[in-house]
Every structure is written in structure tokens, then in C-alpha cells.
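What follows is a single structure, written as C-alpha cells, with notes after it.
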Amino acid sequence: MSDTSLVDRLPLAQGAGAGAAAYLLGYLVTYLTTSGSMEERLSGFNFIAELFGGETVAVWQGVGWLFYNAHLVETRTTGGLGGPRSVNFIAESDGGGTVLLYLVPVVLLIAAGLLVARWDGAEETADAATAGVTVVAGYLPLAIVGRFLFQYDGSVAPDIVTAILLAGAVYPLVFGAVGGAAWAALDTSA
């Protein structure tokens, strides 16, 4: 039996760094690919908001909604003319390249899990997958902060429950583990 606990043996610092990098890079990719179309999409809403003296939605906030939608987290609205509703802007888009946004968090989290397993030197599949799940240590806190950061006027924001559980926990745990296991399968040095 080992003298160190499981937590002591996990590459938490590397996992937290890789998870945070995956989250930030995912948002950046989403911003770079959708900010122009999001600005167009928000122009009508912002015109009405300005007309009635309200605050406008910043493009970076709207892109945040898309980023969470890519994690299957719906954007909730609590008022307005249509009343409360939930929307996934990617699912409601006209298709095209927007649907590829669903791959952004998946690919980045698999890559992050793979890197952490590589850095940890994990050789067995279970050890590599366990190392990969540590990306949750960096991804979850940013998913929680981002949920509140991308909130508009208290009335439009990513759904809090799925933002935390699905985007913050399930995605990094599952795809980080897949990435870690992929490292064990690809590692030919053993």
C-alpha cells in the first residue's frame, strides 16, 4: 500500500492549468469565429434596448452564450416580450459552420487530458484517464465564473445548473478522461 493519498499522486496543478487553458482557448476560438455574426444578431436587440434607455448586450457576452451552448447549456431569458424561455443559439442557427462549435470544447478537453497524462508520465490506461480528469480543477471554476460574467442585466444568462454540472464538471471529467486514455493508447515508449 502506498504512503501517499490519491490526491497527492494526481497532477492537480498540471490539470488545473490545462483545464483553464482549454476553457480560455475555447472561448477565444468561439469569439474569433462568431463575433461578427453575433454582433449582427444583437443589433436589433441593442437598438430596442437603447431606444428604451436600457443597456446593450456586449458582443463578448453574446459569444459567451454561444460558448456555453456548445456545451449543450441553454441560455435562459427571464422576461421580455416573449416571456421566459430557453434557447440554444447554435441549435437555432441556419447550420453552416456554427454547428462545428459543438466540437470546440470536446476537442480542447481531449487535448488537455492527453497533455496532462503525458506530463504525468502515465502509462496504464486507468492512470492516464485519472490524470486526464484533473482538467476539471481548472475548467470548473472558470465555468462558474463565466456563467455569471456572461449574464446580461440579470435577465439573460447560461442556465446555472447545467453551466456548473454539464459544462463545468461532466465535460471536463468525461473528455479529460478520454484524452488521458488516448495518451495511454498512443504512448509507444512503454
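The values are calculated or read from the model by the stated rules, or taken from the named source; none is laboratory data. As the structure is a prediction and not an experimental result, all values here were calculated from the model. Positions of Cβ are backbone-derived with ideal geometry, glycine not excepted, and every protein chain shown enters the neighbour counts. All accessible areas refer to the heavy atoms of the entire protein, side chains included, with ligands and DNA or RNA removed. Shrake-Rupley method; radii C 1.70, N 1.55, O 1.52, S 1.80 Å.
Observations on the model:
- Cβ-Cβ under 6 Å pairs, at least 6 apart or on other chains, region 133-154 side under 17 Å from G17 (Cα atoms), far side assigned to a loop (DSSP other than H, G, I, E, B): T134/L10; T134/P11
- Flag for A169 being within 18 Å of V29 (Cβ to Cβ), modelled with pLDDT of 95 or more, assigned to a helix (DSSP H, G or I) and open to solvent by less than 50 Å² (accessible area, probe 1.4 Å): no
- Filter result (at pLDDT 95 or above and either touching a strand residue (DSSP E or B) at 6+ places or on another chain (Cβ under 9 Å) or of a type in the set (D, E, K, R) (or both)) within region 67-84: F67, Y68, N69, H71, V73, E74
- Qualifying residue in region 112-119 (condition: of a type in the set (D, E, K, R) and either modelled with pLDDT of 80 or more or assigned to a loop (DSSP other than H, G, I, E, B) (or both)): yes
- The set of residues in region 100-121 being of a type outside the set (F, W, Y), in contact with a helix residue (DSSP H, G or I) (Cβ under 7 Å, 6 or more places away or on another chain) and either open to solvent by 40 Å² or more (accessible area, probe 1.4 Å) or within 14 Å of G17 (Cα to Cα) (or both) consists of L108, L109, I110, A111, A112, G113, L114, L115, V116, A117, R118, D120.
- Residue match in region 135-156 (condition: part of a helix (DSSP H, G or I), open to solvent by less than 70 Å² (accessible area, probe 1.4 Å), farther than 29 Å from A13 by Cβ and aliphatic (A, V, I, L, M)): no
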